[in-house]
Amino acid sequence: MSSGSSVRVHGADLFVEAQGQGPGLVFVHAGIADSRMWDGVFERFTGTRRAVRFDVRGFGRSPLPPGRFAYHDDVAGVMDVAGVGRAVLVGCSFGALVAVETCLAHPDRVEGLVLIAPGLGEGGASEEMRRFIEDEEAALDRGDLDGATELNLRMWVDGPARAPGAVDPAVRERVRAMQRAAFEIPVPDGVERTRLDPPAGERLAEIGVPTLVVVGALDVPVMLRVAERIEREVPAARRVVVPGVAHMVSMERADEFVALLEEFITGGR
């Protein structure tokens, strides 16, 4: 599995890559990306940790099969096949929500959380997010996958305060390729995602592990508010705001993020 392979996890064939030995470190990608978003970060930890990354079902090299599933159970299943008992979970955006849900559903498997630009599924409360969702749905309904992809780049890579030309074009192209590919993955009938009840956003005080929240100063305002809320409600949380960057902090500022993650996992929490 060191170079990545497809493994069966709760009825889905998930692409999983696991390298190294030592304490577990599991990366969960954003909803506009797949496990390739961790290129340049993942490799930095394989010498000291049992590092794991995977394509969530419906992204990258992991198809979306019909049936009921829970993302948090998939994370635990991936840890099982990778030989990881407990781990620090690193999640970005949607992946940060999955990490939080995994911590709540499987608390014995999680020793820490690193949440980049975390979402709690509350974007509908923001007028800016409602407009984005409507515009994306309209583009997808008319079959304009390139247009829908560009909407996501403008919202999540550029952020509301920057023009596309202000962003590293290599980062923008990497995200474009991952998001465009995700739009092409078929969604079969009969797919049903199981969510936590009560939802994670109502259970933050239950998180009993050290938690680092990393957010870009130029991110969408609702994400900045979520980061503040997590810091306020999770007992052992601290928040770091990275200036000059929007949603994809670990891609735009890989070295800075690696330093923060190294400090966290070595005890500087």
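The values are calculated or read from the model by the stated rules, or taken from the named source; none is laboratory data. Fair warning: this is a prediction, and the values are worked out from it, not measured in the lab. With ideal geometry, Cβ positions are generated from the backbone for all residues, glycine too; neighbour counts draw on all protein chains shown. For accessibility, only protein heavy atoms count, side chains too; no ligands or nucleic acids. Shrake-Rupley method; radii C 1.70, N 1.55, O 1.52, S 1.80 Å.
Key figures
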{"quantity": "Low-density loop positions, trypsin sites (Lys or Arg not before Pro), segment 138-176 - DSSP coil, at most 10 other Cβ in 10 Å", "calculated": "ARG142"}
{"quantity": "Per residue value of the accessible surface for the chain (all protein chains in place, 1.4 Å probe), Å²", "calculated": "40 Å²"}
{"quantity": "Helix-only mean residue ellipticity at 222 nm for the chain, each DSSP H run of n ≥ 4 adding -39500 (n - 2.57), per residue, nearest 500", "calculated": "-10000 deg cm²/dmol"}
{"quantity": "Whole-percent carbon and sulfur share, accessible surface of segment 172-225, 1.4 Å", "calculated": "53 percent"}
{"quantity": "Segment 152-269, relative contact order in percent, only Cα pairs under 8 angstrom and at least six apart counted", "calculated": "28 percent"}
